[in-house]
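Peer 1: Okay, handing you the structure first.
The values are calculated or read from the model by the stated rules, or taken from the named source; none is laboratory data. The structure displayed is predicted, hence computed values, not measured ones. Neighbour counts are summed over all protein chains in view; Cβ atoms, including those assigned to glycine, are modelled from backbone coordinates with ideal geometry. Heads up: the accessible areas ignore ligands, DNA and RNA and are worked out on the full protein's heavy atoms, side chains in. Shrake-Rupley method; radii C 1.70, N 1.55, O 1.52, S 1.80 Å.
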Amino acid sequence: MSSTPSPSFRNNLVKEIPNLRAFAASLSGSMQTADDLVQDTLLKAWSHAEKFTEGTNLRAWLFTILRNTYYSMYRRRGREVQDTDGLYSSKVAVQGNQESAIDLADFRVALAKLPEEQREVLIMVGATGLSYEEAAEICNVAVGTIKSRVNRARNRLAELLDIKGPSDLGPDRASFAVVQASNP
C-alpha cells in the first residue's frame, strides 16, 4: 500500500466494529473466533483501503471481507468435528436454569439446522440489520433471492420451533396462556 488510509476511513472502520463482531459471532458461534475474524477483517480492510471507493457502502465491503475470511477459515478447518446439534458443546457447557436460556438453546439448534445460505442471510438481515439490498450485494445475488431465502428461513425456524402464532412467543409462555384463558 502506498499511503495511509484517510482519517474518515479509519473512523468509519471503527464505527463498524460492533456490527462486524455481531455478524462474526453469528457466523462462527464463538466470540473468540468472532474476535479473530473481526481482527483479520480489519487488517485486510486497512491494508487494502485503496481498493475501497469512497462514497460506496463500507459496511457491505467489510461484511464481504469478513464473510470470505470466515469461509476460507472454515474450508481450512475441514478435519474438525462439526457440532451443529450442540451435542459436544452441551457436555462442556453449564446449562442455565432460566426458561430464556432454554429458548435460546432451542433457537440455536434450530438455526443450525437451516441450510447455510438461509442461515447466513437471516443473520445478515435479522440480526445485524442489513437491508435486503446490502445482503444481496454481499452475497452477490439478486435482492429477490435474499428476500426468498429470508422468508424460507423464517418459516423453517417457526416450523422447527413449533411456533404457530403469537401465543407461542415470549419469555413466559405459561403466564401468557393463563392470561389468554382468563380473557375469553
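Peer 1: Using only C-alpha positions, report the orientation-averaged shadow area of the convex hull of segment 1-82, nm², one decimal.
Peer 2: Details: hull surface 22.4 nm².
Orientation-averaged projected area of the Cα hull: 5.6 nm².
Peer 1: Could you sort 106, 83 by accessible area so the largest value comes first, with the probe set to 1.4 Å?
Peer 2: 106, 83
Peer 1: How much length would be gained if the chain were fully extended between residue 35 and residue 163, taking 0.36 nm per residue of separation minus their Cα-Cα distance, in nm to one decimal?
Peer 2: Result: 42.8 nm gained on full extension.
Peer 1: Now a separate question. First measure r as the distance between the Cβ atoms of residue 71 and residue 108, then evaluate 1/(1 + (r/R0)^6) with R0 = 22 Å and state the FRET efficiency to the nearest 0.05. Numbers along the way, then the final one.
Peer 2: Working: r = 20 Å, r/R0 = 0.93.
Between residue 71 and residue 108 the formula returns 0.60.
Peer 1: Any chance you could run the full-extension gain for residue 54 through residue 147? It's 0.36 nm times the residue separation minus the Cα-Cα distance, nm to one decimal. Walk me through the numbers on the way to the answer.
Peer 2: On the way: separation 93, 0.36 × 93 = 33.48 nm, distance 2.78 nm.
My answer for the length gained is 30.7 nm.
Peer 1: Over the heavy atoms of residue 4, what accessible area does a 1.4 Å probe trace out, to the nearest 10 Å²?
Peer 2: Here the residue's solvent-accessible area equals roughly 110 Å².
Peer 1: Please list 44, 91, 113 in order of solvent-accessible area, largest first, computed with a 1.4 Å probe with all protein chains present. Can you show the working numbers first?
Peer 2: Details: 44 85, 91 150, 113 125 Å².
Largest accessible area first, the list is 91, 113, 44.
Peer 1: I want the local charge near residue 6. Using Cβ-Cβ distances under 13 Å, sum +1 for each Lys or Arg and -1 for each Asp or Glu among the other residues.
Peer 2: That works out to -1.
Peer 1: Still on this model: On a 1.4 Å probe surface of the protein chains, which of 63, 52 comes out largest in accessible area, and what is the full order?
Peer 2: 52, 63
Peer 1: Report the accessible area of residue 117, computed with a 1.4 Å probe over the heavy atoms of all protein chains in place, in Å² rounded to the nearest 10.
Peer 2: Accessible area of residue 117: about 90 Å².
Peer 1: Given Cα positions, please report Rg to Rh for segment 37-79, the hydrodynamic radius being the Kirkwood one.
Peer 2: Rounded to two decimals, Rg over Rh is 1.05.
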